[in-house]
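Here's the structure we're looking at; comments come further down.
Here, each number is a calculation from the coordinates, and none is a lab measurement. What you see is a predicted model, and the numbers here were worked out from it, not measured in a lab. Positions of Cβ are generated from backbone atoms using ideal geometry, with glycine treated the same way; all protein chains shown enter the neighbour counts.
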Amino acid sequence: MTPPSGQTAAREADEAGTAPASTALQGLRVLDLTRVRSGPTCVRQLADWGADVIKIEAPVDEAQFGGPRHGPDFQNLHRNKRSLTLDLKSPAGLEAFKRLADTADIIVENFRPGVKSRLGIDYDSLSKTNPSLIYASISGFGQDGPLADRPGFDQIAQGMGGLMSITGEPGSGPMRVGIPIADLCAGLFAAQGILIALFERQQSGRGQWVQTSLLQAQVFMLDFQAARWLMDGVVPKQAGNNHPTTIPTGVFKTSDGHMNIAVTGNVIWGKFCDVMGRPDWKDDARYASASARSEHRHALNAEIEAITATRSTADWIDAFNDAGVPAGEINDISQVFANPQVRHLDLAQPVVSQERGETELVGQPIIMSRTPSHIAKPPPLAGQHTAEILTEVGYSEAEIAEMKAAGAI
């Protein structure tokens, strides 16, 4: 089996008008109240796997976080959705949303805590008439607690969640990572929570309120660094490109650039020494054990780099991988998408954008043998499906025209 061919076949079927983004979540209705990045990241997971996602937008065009509607950020976050414009502050708009909510399987929102309650569209209110509703909330710091009302932002969570204290070169000061990792992980965890709730709903018939936050996601993503503190009282520090516990693992100069090498365990250490032409390192007391290599990491790294700088990146990577020692290139983004393995995995997928024409977006990183995901629809125009969606929940043409005249849609 060549997995990406399933995605290609799915795209061909969609071009013929016969396939959704995926059949995996087909039949689920999702109301998308999200903005910025964490919420749209969550909803993208549902849309890309075939759910009917209705993006609720204000009737008046608003500035989009991260750039305009035709920009790469918006295009990549909001594919495979329909768009409905509603003014939730108007009685008619709010009534329309509540009518839609009674038909929804899932609602996702990332308002500041308290906003949904003031509008009367919180989980407790909506689940009274739709007890099977799964309602997902993403916030900066949680739905309650001493910091719940603070405005949330990715870099704030990176700092408060400890990530910036362990990122960067030692002594360089706090450093953010190059992607909004707290936002992205919070969105992915929310999507995971929704899928867990869907599975549980099959047993109980009831929905529930799924909650996560940027801070929770960031702390969870500390992973082994958090465990080092909780279990051993170790406060991890910045280690730059060196792995904090596995030595030697890091970035090393070559004759034409840099490469990553990851040497884990004594078996791979022995293979590494052979490839480097330094079998004597295996018996050197400074390097013979993991703890010794950690203690003498700077001396070891200097010896390694004196050798790696004599040959090209490609030569070293071939030699290391042939010997079973993990090593790899350090690519810029253009090189990533030119990489033959990335191309094989179909991670850049074509779409015809309504604003940009033929372009590519980042595809899902999960391969399913029977129900693959692909980009079936470009991001919608604002309000593109308003009449269509309202008709589905019983509004007449006259009622829709009246709502439009009143500015409710």
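Data table
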{"item": "Burial ranking of peptide ranges 68-76, 228-236 (average Cβ count within 10 Å, highest at the top)", "result": "68-76, 228-236"}
{"item": "Estimated [θ] at 222 nm from DSSP helical runs (n ≥ 4, -39500 (n - 2.57)) normalised by residues in the chain, nearest 500", "result": "-11500 deg cm²/dmol"}
{"item": "Two-decimal Rg to Rh for the range 249-331 - Kirkwood Rh, Cα set", "result": "0.93"}
{"item": "Protection proxy ranking, peptides 302-313, 125-136, average beta carbon neighbours within 10 Å, highest first", "result": "125-136, 302-313"}
{"item": "Whole-angstrom gap from the range 221-283 to the range 90-140, using each part's C-alpha centre", "result": "48 Å"}
{"item": "Rh by Kirkwood over Cα pairs, then Stokes-Einstein D for the range 58-216 at 1.567 mPa s and 4 °C, µm²/s", "result": "73 µm²/s"}
{"item": "Alpha carbon Rg of the chain, scaled by the compact-globule rule 2.2 N^0.38 Å", "result": "1.18"}
{"item": "Inter-centroid distance (Cα atoms) of the range 41-60 relative to the range 171-194, Å", "result": "21 Å"}
{"item": "Kyte-Doolittle mean at least -0.5, axial Cα span of 30 Å or more - DSSP H helices of the chain", "result": "181-204"}
{"item": "FRET efficiency for Thr103 and Arg206, using Cβ-Cβ distance with R0 set to 25 Å, rounded to 0.05", "result": "0.90"}
